[in-house]
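Here's a structure for you.
Any read-out appearing in this document is the output of simple, stated calculations on the displayed coordinates, not a laboratory observation. Please read these numbers as outputs of a predicted model, since none were measured by experiment. Glycine gets a Cβ as well: all are built from the backbone with ideal geometry, and neighbour counts include every protein chain shown.
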Amino acid sequence: MANKQMSAAAVVAQIKDGMTIGIGGWGPRRKPMALVREILRSPLKDLTVVSYGGADVGMLCAAGKVKKLVFAFVSLDFIPLEPYFRAARQSGAIEIMEIDEGLFLLGLKAAGMRIPFIPTRVGLGTDVLKRNPDIRLVSSPYDGKQWVAMPALPLDVALLHVDRADVRGVCQIKGPDMYMDDLFARASRNTFVSCDELVESSYFAQGDEARYVFWERSQTTGVVHLPCGAHPSSCAPLYGFDVAHFKEYAASAKEADGWQQYTNRYVQCAESEYLERVGGAEAVRKLPLPVY
Amino acid sequence: MAEINLIDRMICCAAQAWKDDGEVLATGIGVAARLAASVCMASINNDLMMTDSEAWLVSEPVPLGARKGYEPQRETWMGFSRIFDNVWGGKRHAMVGPTQIDRFGQANISMIGADYARPKSMMLGVRGFPGNSINHANSFFVPNHSPKVMVAGEVDMVASAGYNPARLEQGWSLEDIDIRYVVTNLCLMDFGGPQHQARLLSLHPGVSLEQVQQATGFAMHVPEQVQQTPDPTDAQLALLARLDPHNLRATVLGAGA
């Protein structure tokens with residue numbers, strides 16, 4: 001029986017320069033931030049990052065890891081504009097593919113279905129088509145119209161964070177939204193999942209626990225036990241996002257050496273030290289859930 | 001009677017946007033537009049559907065801010081992937097706050113500047129605007145009506161499709177676009193003029209036609225009769241106070257407004 005448990009370092013060792021990395025979650029919500037920090041500690045470069053972006057994208061941009069970004073937005077919600085992403089965009093440091101949130105979904109879906117594109121009306125009449133000449137139109141065999149052919153967005157690696165998992169790769173999300181994590185898992189050749197809690201397989205047989213499992217374990221390549229691994233993003237219902245930490249992070253972008261300072265304190269350390277520096281696991285678990 | 005706040009007038013004016021929509025998902029992005037949709041659902045069109053702004057459809061609008069024991073009245077799960085299922089089916093009317101709007105009703109929240117490779121100011125990205133604009137009805141809420149928002153020429157990045165014949169692909173017509181209302185701090189507009197030209201519908205009290213024209217970077221159709229935007233009713237104001245118990249709307253127009 002497969003045992004897929006591994007370390008964060010072992011996950012990053014599977015990633016090569018130039019690969020296309022999908023990152024699950026949405027804005028400041030349920031991002032695999034501990035795995036992102038492990039990438040920041042590595043010499044990896046020239047990544048194509050595919051993300052409904054939050055601080056994951058900002059940090060990877062600030063650290064110079066991103067060659068190309070596929071995105072519909074990058075935002076921390078309560079801090080609408082992600083400062084390091086903005087700096088990267090405004091200085092022309094990254095190539096981009098800027099698409100609609102729904103086109104993004106269709107691209108992942110097409111990759112998971114192993115088809116080259118999905119036809120849609122989304123994008124018609126907008127600069128998404130003008131700015132992405134690689135997105136083509138197709139004539140329908142069934143009507144006289146032209147449709148947008150959203151190309152598949154196949155991933156080399158997907159990084160996700162979930163509430164709990166077992167070593168076979170059964171992953172559970174108890175928060176109110178799985179976002180597009182299931183589609184990331186299907187679009188990717190390899191999917192590595194960090195989990196707040198590592199549980200026995202029998203856990204999922206209880207009550208309706210299995211209802212909160214949104215893809216089969218065959219889509220999970222590796223499982224990393226990283227308590228609070230989504231911090232500073234949220235992992236509802238376990239913890240909310242860390243407003244104070246995000247404010248400190250955003251403020252650092254206003255300083256000349258702000259990213260270096262942030263990195264020194266929160267990245268260039270072991271994950272256990274990181275957790276201590278942000279107040280400890282107990283404090284993270286008490287971060288209030290956001291009210292929208 | 002106390003003087004009516006401009007923001008309350010704007011929200012109650014905007015609440016009329018969904019009046020005749022029947023059973024669609026009403027989405028208001030931002031405090032004011034969300035309150036407008038909430039007022040409409042609670043008083044004008046009870047058939048509307050709305051989310052808790054997170055992951056559930058609710059049978060009555062959720063008051064904004066800290067809930068003090070209020071429990072959202074959940075109706076069904078409505079995570080983001082299901083929002084797109086709804087969008088693509090067309091049964092939605094969103095009210096959003098673009099950074100720029102042009103004479104075609106094209107709108108932008110992505111970036112500002114002439115150079116796409118190096119934006120003068122990077123904003124959010126196109127988000128869901130492209131999909132919204134080609135699938136369902138859309139209205140705009142503009143707290144700062146000025147030529148910077150209501151721009152001459154085209155918006156810097158067309159995130160939301162408008163009534164622009166030059167951008168029509170084969171088989172599509174301008175009737176596939178459905179822009180309803182633009183509620184600003186000066187007036188109410190739509191795109192119901194000749195050839196979908198922007199049209200002035202009503203002026204808020206104390207605002208002149210010239211003032212609106214100076215604040216708008218493009219020419220508008222001005223009908224012979226331009227109404228004054230009506231006052232909110234006492235019932236609407238009471239509802240607004242209940243839906244916004246922490247008065248979050250007071251900051252929408254910026255300090256001193």
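Enumerate the lysines that residue A:145 could reach by cross-link, defined here as Cα to Cα under 28 Å, with residues fewer than 8 away along the same chain left out.
A:109, A:130, B:91
If you don't mind, another one. Label point 7 Å out from residue B:235 along Cα-to-Cβ: which residues of region B:56-92 have amide N under 15 Å?
The answer is none.
Next question, about the same structure. Non-local amide H neighbours of residue B:221 (under 5 Å, H modeled in plane, Pro and chain starts lacking H): which ones?
Excluding prolines and chain starts, which carry no amide H, the hits are B:198, B:199, B:200.
Reachable lysines from residue A:286, Cα under 30 Å, same-chain residues fewer than 8 places away excluded?
Within reach: A:4, A:31, A:174, A:247, A:254, B:68.
May I pose another question? Restricting to DSSP H runs of at least four residues, report the calculated mean residue ellipticity at 222 nm for chain A, -39500 (n - 2.57) per run over all residues, nearest 500 deg cm²/dmol.
Mean residue ellipticity, 222 nm, calculated: -8000 deg cm²/dmol.
When the Karplus curve 6.51 cos²θ - 1.76 cosθ + 1.60 is applied with θ = phi - 60°, which whole-Hz ³J(HN,Hα) does each residue of region A:238-244 get, with x for Gly and Pro?
For region A:238-244, the Karplus curve yields 6, 7, x, 7, 8, 4, 5 Hz.
Now for a separate question. Quick one: order B:77, A:215, B:56 by neighbouring beta-carbon count within 10 Å, fewest to most.
B:77, B:56, A:215
Would you list which aspartates and glutamates come within 12 Å of residue A:67, measuring only between C-alpha atoms, while excluding same-chain residues fewer than 8 positions from it?
The qualifying aspartates and glutamates are A:17, A:46, A:95.
GluC sites (Glu not before Pro) within region B:171-257: which are DSSP loop residues with at most 10 other Cβ atoms inside 10 Å?
Answer in residue order: B:224.
In deg cm²/dmol, rounded to 500, what helix-only [θ] at 222 nm does chain B give when every DSSP H run of at least 4 residues adds -39500 (n - 2.57) and the total is split over its residues?
-5500 deg cm²/dmol
Further, regarding this structure: Restricting things to Cα coordinates, could you compute the convex hull volume per residue of region A:175-292 in Å³?
Residue-normalised Cα hull volume stands at 149 Å³.
A further question follows. Suppose the chain between residue A:211 and residue A:289 were pulled fully straight at 0.36 nm per residue; how much longer would it get relative to their current alpha carbon spacing?
25.9 nm
Would you please name the trypsin sites (Lys or Arg not before Pro) within region A:106-166 that are DSSP coil residues with at most 12 other C-beta atoms within 10 Å of their C-beta?
Taking region A:106-166 and a limit of 12 other Cβ atoms within 10 Å, the loop trypsin sites (Lys or Arg not before Pro) found are A:114.
Related question: Taking the Kirkwood radius as the inverse of the mean 1/r across Cα pairs, report the Rg/Rh of chain A.
My calculation of the ratio gives 0.97.
Can you give the three extents of the C-alpha atoms in region B:57-162 along their principal axes, from longest to shortest, in whole Å?
For region B:57-162, the Cα spread along each principal axis is 47, 32, 24 Å.
Further, regarding this structure: Lys/Arg Cβ at +1, Asp/Glu Cβ at -1, dipole of the protein assembly as shown taken about the Cα centre: which of B:246, A:35, A:18 is farthest positive-ward?
Towards the positive end, the residue furthest out is A:18.
In Å³ and rounded to a whole number, note down the convex hull volume per residue for the Cα atoms of the protein assembly as shown.
159
Dimensions of region B:109-257 along principal axes (Cα, Å, largest first)?
If we take the Cα atoms of region B:109-257, the spans are 50, 38, 30 Å.
Something else: Can you give the Rg to Rh ratio of region B:1-101, both from alpha-carbon atoms, with Rh computed by the Kirkwood formula?
Computed over Cα atoms, the ratio is 0.98.
Given just the C-alpha atoms of region B:154-235, how large is their convex hull per residue in cubic angstrom?
135
How big is the C-alpha Rg of chain B next to the rule-of-thumb value 2.2 N^0.38 Å, as a ratio?
Normalised Rg, Cα atoms only: 0.99.
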